[in-house]
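Read-outs throughout are calculated quantities, based only on the coordinates presented, and are distinct from any laboratory measurement. None of these values were measured; they are calculated from a predicted model. Here the Cβ is made from the backbone with ideal geometry for all residues, glycine too, and neighbour counts use every protein chain on show.
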Amino acid sequence: MTDQEIKNKIKTEEYFVNMGPQHPAAHGVLRLLLTIDGEIIKNVEPDLGYIHRSIEKMCERDSYQQIVHLTDRMDYLSSNINNEAVCLAVEKALEIEVSDRVKVIRTIVSELTRIASHCLWWGVMGMDLGALTTYFYAFRDRELINDIFEETCGARLTMNYNAPGGLMYDIHPNFVKRTKDFIKHFKTKIPEYDRLLTGNVIFQKRTKGVGILTKEDAISYGVSGPVARGSGFASDVRKHHPYSAYDRVDFKEVLLTEGDTFARYQVRIMELWESISIIEQLIDNIPEGSVKEPTKAVIKLPKGEYYQRVEAARGELGVYINSTGAKNPYRVKFRSPGFSNLSVLNHIAKGSKIADLVATMASFDFVIPDIDR
Amino acid sequence: MKNEDLQNIINGLGENLEFTTEATEFLNVTVPKEQLHTICSQLKSNPELKFDYAFCISGMDWGKELGVIYHLHSTEFKHEITVKVTTEDRENPILDSVHDIWQTAEFHELEIYDFFGIKFNNHPKLRRLFLTPDWEGYPLRKDYVDEANMIIK
């Protein structure tokens, strides 16, 4: 028989494979139902809910101060940014103008959170593609940020540093010095990241041209954050709807047009530099002022609908609050970046290999509690 | 574009549209459910509107009515509106799917079906997304009671 005849004789058939809920590349309990033909993916169907806690329903029961604490547990890697989103929404509704000091501190802490989150992502991205060393490099640097947070507010991950009306308490006297030390240290480390992973031939072969997302699809699927910016969709909330102190700092919105896994990777690495630049512009001139505007013990928002968005590490986080004037909200909806980004996964994974799906998912940087809420 | 101009253009797209800007930062359009799909497709295709980015789609239980709120943004003109659609049928609420207009809606409609029980016409595959297939009731509805798992203050 010739090769062609053998090929015609061999028949393949489609079958289901469960990827997850306990899969090392899923970064949590995400279950993907894969329909595959050989190694080619025909369909990806996410099955969610393994750690759904119904935070939106719990919010309807709780007071506005309590809601802030629940948001830590959504995207735990950008916990401070989530807290900030709820506080900004409540302040917008109550028409509270926080002091410049609060705005600047919130921005610095949020950017540190973003760096910590991108560090972790960089570590696990390498790990997913078989380069375990990146994980240790990333955690070495992320640890320093967590130490700063611990000294500032007592918590390393779920920070609860923001409160409606300002901050829980002022920054620690060491905060400025330690942050500057960290920036000085970290500036020497990003080139190290590049030398270790970005320029690696195996890494580039596995990411370039893989998992391509076009700009039109990114917009239609509601994709945001570094994933959208890797496809050329200018969606940075910090730039287009500035909040806190982002309107007084000079930074670039990183945009690449390739739309592949490597582009998403590069966007995050460049964003590290932008975050450093934002912190450097603010850290020396933290204005004096009060760190907490007085609020009533029982906060009641005026009747109406409020929407506040912020740029979390994974994209646009929206907080929709519908208030009837009572002490707890009538309805709260969190527009989480992970949930919308996940909706596009099937579209770009179709026709690719299973190993490419792992690379694509790594570049999406899913945090499952953010998807499940 | 200003809200007044937006209102003038959108008003020409359908009948019996209600507009309000009270107690919200966006222009709010309430659309009769029969016209939802036609108006939404025009909101996206109209060259003066081009609402191509549905950044938030939320289910809602107003007590008597169920419904959906669409937060829309135009990446070209940067203007924003919210579209609301309601149905009074709590036993068998059915709305049209808009997943062919904004593809992200396919996923958000699954979430709304799961938590509010609103069914969507023409949805490719309506299923329980977060909860198990045999779960009874729709947890984010206001009249949902689950004594075992809910703490009610």
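Table for the structure above
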item: For A:GLU111, A:GLU150, order by how many other beta-carbon atoms lie within 10 Å, fewest first; result: A:GLU150, A:GLU111
item: Proximal charge balance of B:HIS99 [Cβ under 12 Å; K/R count +1, D/E count -1]; result: -3
item: Cα-centred dipole magnitude for the range A:1-89, charges only on beta-carbon of K, R (+1) and D, E (-1), debye, nearest 20; result: 180
item: Nonlocal amide H pairs with A:ARG331, under 5 Å, H built at 1.01 Å; result: A:ASN322
item: Calculated diffusion of the range A:3-372, Stokes-Einstein form, Kirkwood radius summed over Cα pairs, 37 °C and 0.692 mPa s, µm²/s; result: 153
item: Entries of A:LYS92/B:LYS2; A:LYS350/B:LYS125; B:LYS84/B:LYS119; B:LYS119/B:LYS142; B:LYS33/B:LYS125; A:LYS57/B:LYS50 with Cα pairs more than 24 Å apart; result: A:LYS57/B:LYS50
item: In nm, spacing of pseudo-spin labels at B:ILE9 and A:LEU33 (7 Å Cα→C-beta vector); result: 4.1
item: Chain lengthening between A:LYS292 and A:ARG248 when straightened (0.36 nm per residue, less Cα-Cα); result: 13.7 nm
item: Rel. contact order, % - alpha carbon contacts under 8 angstrom, at least six apart, chain A; result: 26
item: Exercise: per-residue mean of other protein chain Cβ atoms within 10 Å, B:98-109; result: 4
item: Neighbour-count order for A:GLU280, B:GLU18, fewest beta carbons within 10 angstrom listed first; result: B:GLU18, A:GLU280
item: A:HIS240, B:HIS71 arranged by Cβ crowding within 10 Å, fewest neighbours leading; result: A:HIS240, B:HIS71
item: Computed helical MRE - 222 nm, the protein assembly as shown, DSSP H runs ≥ 4 contributing -39500 (n - 2.57), nearest 500; result: -12000 deg cm²/dmol
item: Simple spin-label estimate for B:THR38 and A:VAL201 in nanometres, 7 Å along Cα-Cβ; result: 6.2
item: Estimated vicinal HN-Hα couplings, Hz - the range A:276-289 in sequence order (Karplus 6.51, -1.76, 1.60; Gly, Pro = x); result: 4, 4, 4, 5, 4, 6, 9, 5, 7, 10, 6, x, 6, x
item: Whole-Hz ³J(HN,Hα) from phi, Karplus 6.51 cos²θ - 1.76 cosθ + 1.60, for the range A:266-275, glycine and proline x; result: 5, 4, 5, 5, 5, 5, 4, 5, 5, 4
item: J(HN,Hα) series, the range B:86-100, from Karplus relation 6.51 cos²θ - 1.76 cosθ + 1.60, nearest Hz, glycine and proline x; result: 10, 9, 8, 7, 8, 6, 9, x, 10, 10, 7, 7, 10, 5, 7
item: Part-to-part distance (alpha-carbon centres) for the range B:113-153 and the range A:192-260, which is given in Å; result: 35
item: For the range B:23-49 and the range A:31-66, distance of Cα centres in Å; result: 29
item: Lys, Arg +1 and Asp, Glu -1 on Cβ, resulting dipole of the protein assembly as shown about Cα centre, debye, nearest 20; result: 1020
item: Burial order of peptide ranges A:131-141, B:111-121, B:136-146 (average beta-carbon count within 10 Å, highest first); result: B:111-121, A:131-141, B:136-146
item: Charge-dipole axis of chain B as Lys and Arg at +1 and Asp and Glu at -1 on Cβ define it, positive-most pick from B:SER45, B:LEU27, B:VAL83; result: B:SER45
item: Given charges at Cβ of Lys, Arg, Asp, Glu: the protein assembly as shown dipole, positive-most of A:THR257, B:LEU126, A:MET168; result: A:MET168
item: Number of partner chain Cβ atoms within 10 Å, mean per residue of A:333-340; result: 4
item: Radius of gyration and Dmax over the Cα atoms of the range B:3-94, both given in Å; result: 12.9, 40
item: Lys, Arg +1 and Asp, Glu -1 on Cβ, resulting dipole of the range B:60-122 about Cα centre, debye, nearest 20; result: 160
item: Positive-end extreme of charge dipole, chain A - chosen from A:HIS118, A:THR133, A:GLN308 (charges on Cβ); result: A:GLN308
item: Anisotropy class of the range A:230-373 from Cα gyration tensor, a/c 1.5 cut; result: oblate
item: Cβ neighbours within 10 Å from other chains - mean over B:119-131; result: 2
